Amino acid sequence: MSNLILLIILWSFLECAYKKIPIYEEFITGVKEGMRYLMILFPSIMLLTLWVNLFLSSGFISLIGTFFIRFFSIPLDLLLMAFTRPISSQTSLIILKRIYDHYGIDHLYSLMGSILQTGSDTTLYVVSLYYGSIHLKKYSYTLWLGF
């Protein structure tokens, strides 16, 4: 894979040299444009990161988890996955792997976890990144639909 990336970069340099494109100036222009987008998106991504960390460290999930386990007989891992999937896809993937390791891949809970992982989207990421990039302020209906 790294050889392929090196080949693509080398091809780009050769093509720029052939077309007499100033590589350094184009690179600096691209970095400036990227920094402009970063300044637009950074507050939304920072808020998302703060909210996720506060939510996961507050103990709210374990409080709700005991309720669901007691009344609905749903394992805590599936409940954690359902709560964290709209927030963080990597966290829900880690929880899904833990479900696979504990129950096996053919168990009902593993199948339910797979459906949860593939049938939902990281709502807060989509809202903060995409809506933040176009400066859209009214996103409450999207959050309700995503959760």
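The values are calculated or read from the model by the stated rules, or taken from the named source; none is laboratory data. For clarity, every value in this text was computed on a predicted model and none was experimentally measured. Ideal geometry is used to build each Cβ from the backbone, glycine not excepted, and the neighbour counts take in all protein chains shown. We work out accessible area using only protein heavy atoms, side chains counted, and drop any ligands, DNA or RNA first. Shrake-Rupley method; radii C 1.70, N 1.55, O 1.52, S 1.80 Å.
What to note about this one:
- Residue in the range 28-35 that is open to solvent by less than 50 Å² (accessible area, probe 1.4 Å), under 30 Å from residue 137 (Cβ atoms), among the aliphatic types (A, V, I, L, M) and assigned to a helix (DSSP H, G or I) present: no
- Candidate set: the range 38-87, residues that are touching a residue at least 40 places away in the same chain (Cβ under 8 Å) and surrounded by 16 or more Cβ atoms within 10 Å (Cβ to Cβ); chosen: the one farthest from residue 104 (Cα to Cα): 44
- Within the range 22-36, residues that are in contact (Cβ under 8 Å) with a residue 60 or more places away in the chain reach no partner that is among the β-branched types (Val, Ile, Thr) with beta carbons closer than 8 Å at six or more positions or on different chains.
- 2 or more residues within 15 Å of the chain's Cα centre (by Cα): qualifying helices (runs of 4 or more DSSP H) within the range 40-134: 76-84, 89-103, 108-118, 123-126
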